[in-house]
Amino acid sequence: MANGCFERNLYKWYNLGMASVTLSQFRSQQSDYIAVAQREPVEITSRGVGRRAVVVSPEFFDRAIEALEDQADIRAAAEARRERGGSVSHEELMAELGL
């Protein structure tokens, strides 16, 4: 994915399918909202502050972290290509690795 594409798609997904509850509602029905978070993110809001937190399933969290790490790897690889002029020969790589 292009830089930022994952973040935009994730944000769109959140806005399309996210339950929103106040902090006091979440406190009084915590187990119910944690169950909802297994299917869709749950936004917790507070008067005067707006969004305080978002509860997501462990699976969603793991996928999001993995995708963000992938994006960081893609950016780092692109930066490395810019720094080295675009390519490294097989012989240069083997010499650099000491093989």
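The values are calculated or read from the model by the stated rules, or taken from the named source; none is laboratory data. Predicted model, so just to flag it, every value in this text is computed and none were measured. We place every Cβ from the backbone using ideal geometry, glycine too, and count neighbours over all the protein chains shown.
Brief remarks follow.
- Verdict on residue 87 being under 15 Å from the mean Cα position of the chain (by Cα) and of a type in the set (Ser, Thr, Tyr): no
- Of the candidates 61, 26, the single residue that is assigned to a helix (DSSP H, G or I), aromatic (Phe, Trp, Tyr) and in contact with a helix residue (DSSP H, G or I) (Cβ under 9 Å, 6 or more places away or on another chain) is 26.
- Residue satisfying all of: in the stretch 23-48; of a type in the set (A, V, I, L, M, F, W, C) and surrounded by 13 or more Cβ atoms within 10 Å (Cβ to Cβ); farthest from residue 62 (Cα to Cα) among these: 23
- Candidates 81, 51, filtered to the one that is touching a Ser or Thr at 6+ places or on another chain (Cβ under 9 Å) and over 30 Å from residue 20 (Cβ atoms): 81
- Scanning the stretch 1-23 for residues that are modelled with pLDDT of 55 or more and either part of a helix (DSSP H, G or I) or β-branched (Val, Ile, Thr) (or both) turns up 16, 21, 22, 23.
- The stretch 31-59 residues that are touching a residue at least 40 places away in the same chain (Cβ under 8 Å), paired with ones that are part of a helix (DSSP H, G or I) (beta carbon under 8 Å, 6 or more apart): 54/14
- Among the residues of the stretch 55-84, the ones that are within 28 Å of the chain's Cα centre (by Cα), over 30 Å from residue 40 (Cα atoms) and not small (Gly, Ala, Ser) come to 4 in all.
- Residue, modelled with the lowest pLDDT, within the stretch 29-54, restricted to residues that are in a strand (DSSP E or B) and over 20 Å from the mean Cα position of the chain (by Cα): 50
- The single condition among (1) of a type outside the set (S, T, N, Q); (2) exposed (fewer than 13 other Cβ atoms within 10 Å of the Cβ); (3) modelled with pLDDT of 90 or more that residue 84 does not satisfy is (3).
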